[in-house]
1. Solvent-accessible area of residue B:11, probe 1.4 Å, all protein chains present, reported in Å² to the nearest ten, please.
2. Label points 7 Å out from Cα along the Cβ direction at residue A:166 and residue B:27: separation in nm?
3. If I take every Cα pair under 8 Å that is 6 or more residues apart in the range B:61-184, average their sequence separation and divide by the length, what percent do I get for the relative contact order?
4. I'm a student and want to see the number: the projected area of the Cα convex hull of the protein assembly as shown, averaged over all directions, in nm².
5. Does anyone have the angle between helix A:121-138 and the longest principal axis of chain A? Alpha-carbon axes, 0 to 90°, nearest 10?
6. In terms of solvent-accessible area of protein heavy atoms at a 1.4 angstrom probe, what is the ranking of B:50, A:88, highest value first?
7. Could you report the protein assembly as shown's accessible area per residue, 1.4 Å probe, as an integer in Å²?
8. What is the interface area between chains B and A, defined as buried accessible area summed over both chains with a 1.4 Å probe, reported in Å² to the nearest 100?
Number of protein chains: 2
Amino acid sequence: MERRTADSLRDGIEQLIVSGEFGNGERLDEVRLAARFGVSRTPLREAFQMLAASGLVELIPRRGAFVRLPDLVAMFEMFEVMAELEAMCGRLAARRVTPAMLADIKAAAAACEAALEEGDSDRYYRENGVFHHLLYAASGNGFLAEEAERLHRRLKPFRRMQLRVRGRMRQSMAEHRDILQAIEDGDGARAADALRGHVAIQGERFNDLMASYDIAQRRAG
Amino acid sequence: MERRTADSLRDGIEQLIVSGEFGNGERLDEVRLAARFGVSRTPLREAFQMLAASGLVELIPRRGAFVRLPDLVAMFEMFEVMAELEAMCGRLAARRVTPAMLADIKAAAAACEAALEEGDSDRYYRENGVFHHLLYAASGNGFLAEEAERLHRRLKPFRRMQLRVRGRMRQSMAEHRDILQAIEDGDGARAADALRGHVAIQGERFNDLMASYDIAQRRAG
DNA sequence: GTCAATGGTTTTGTATACAAAAATACGCTT
DNA sequence: AAGCGTATTTTTGTATACAAAACCATTGAC
């Protein structure tokens, strides 16, 4: 709260929203927030613009800025799109990946494996992020990689809560192996399917997510 | 240029960029632009934020706002992603579309057909937008629909220039018929393939685009 | 001749002041 | 007492003023 660049303001407000201090639909008061962060309304309004662009708040002209947290349906929809974007990355990567990139992806998968053996879920979470990041890049489509990264970032809090489910880490790793093998074989369709299954929320995973979401909401509300 | 809401400002600047008055990499001078639009720097800077969110300008702290036009490669990549998003919409719509929505889509296709018969390319362009908009909604995934809309909007200027190619309008209409039929048959895979082909830039279409892009660039530079 | 330092100028970032619109409260009528 | 119209108060949107950083050009040192 001491620094006050445009970005840090955005992060600060984002934090307040995600932590549940501001509930869904609540109006963000410009003067109160400005006072709280020790800035004037001008930079605060610029931060609002950024948050609106990322979808976390809605800006209604002459009305104000309102918190817009995704509900369960919206979250499910976002994962559905994320699954398709990653599937596309996999499909393209299977055809376009260079040997050097493939080596990097293998290394990331190995790091995941190491984290799994250690039972270090924080590290697994981190290495998993690297794995996916490299996969996006391997698609050879820079724009796709950016978009995938953007959505990945937006889903971050929810993904984390999903990984806490018992046994999910081990299953996730098995799926990584499938994905990697399909890309190595140059089998785009199989890579795409594996990634769709890896990312999408389906079957019992849906129930798991619903349960953890309920808990998180209760804590926030 | 007489009205001056936040959105109209953004559109006005966007127009200046797309029309080529501001070349790629050029800095957008706050005071000059403010004077030109008859507003102060404050709303202008908010418009900059919006343009940065949509990727048309890059905001470098303490340096200013710079035009960032996609090059040919980036544009190709964007269309590749757009094709996949639309394919996904089609795949889902084939399963989820309601009779009422299907009727709306049919009506939009009919309007396109009418525009084609009249040879009214502006109207075709407009009705074509409606057709795609309805398709996004028919996916039953609100988030997907929003993302598709967003990218569609971003590609607007380039799509328009693509449609100017001789005979493209008639071919586009034929593809619409295929898409509609596949959705009506509930054949998700066929709808997806038809849409991928409809949107993606491939084969000679790539050369067409390259040519018109060259011309546009030359006019701008 | 090249490079670095320094002063002046431009330009961004932010605070504040003011105008217009929305929200709210109050009183009036029925 | 309920509903409507109006006055008051918030709150947003915008202009302007000012501070700080970046830019630029001139000058001086090596």
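The values are calculated or read from the model by the stated rules, or taken from the named source; none is laboratory data. Given the structure is predicted, the values throughout are model-derived calculations rather than measurements. Don't worry about glycine lacking a Cβ; one is built from the backbone with ideal geometry, like all the others, and counts go over all protein chains shown. Heavy atoms of the whole protein, side chains included, go into the accessibility calculation; ligands, DNA and RNA do not. Shrake-Rupley method; radii C 1.70, N 1.55, O 1.52, S 1.80 Å.
1. Solvent-accessible area, nearest 10 Å²: 70 Å².
2. Rounded to a tenth, the inter-label distance reads 6.1 nm.
3. On the way: 93 pairs, mean separation 42.3, N = 124.
Computed value for the range B:61-184: 34 percent relative contact order.
4. Numbers: hull surface 94.0 nm².
The directionally averaged projection comes out at 23.5 nm².
5. 80
6. Details: B:50 35, A:88 0 Å².
The residues order as B:50, A:88, largest area first.
7. Values: 22290 Å² over 442 residues.
Here the residues of the protein assembly as shown average 50 Å² of exposed surface.
8. Values: alone 12130 and 12360 Å², together 22290 Å².
About 2200 Å² of accessible surface is lost on pairing.
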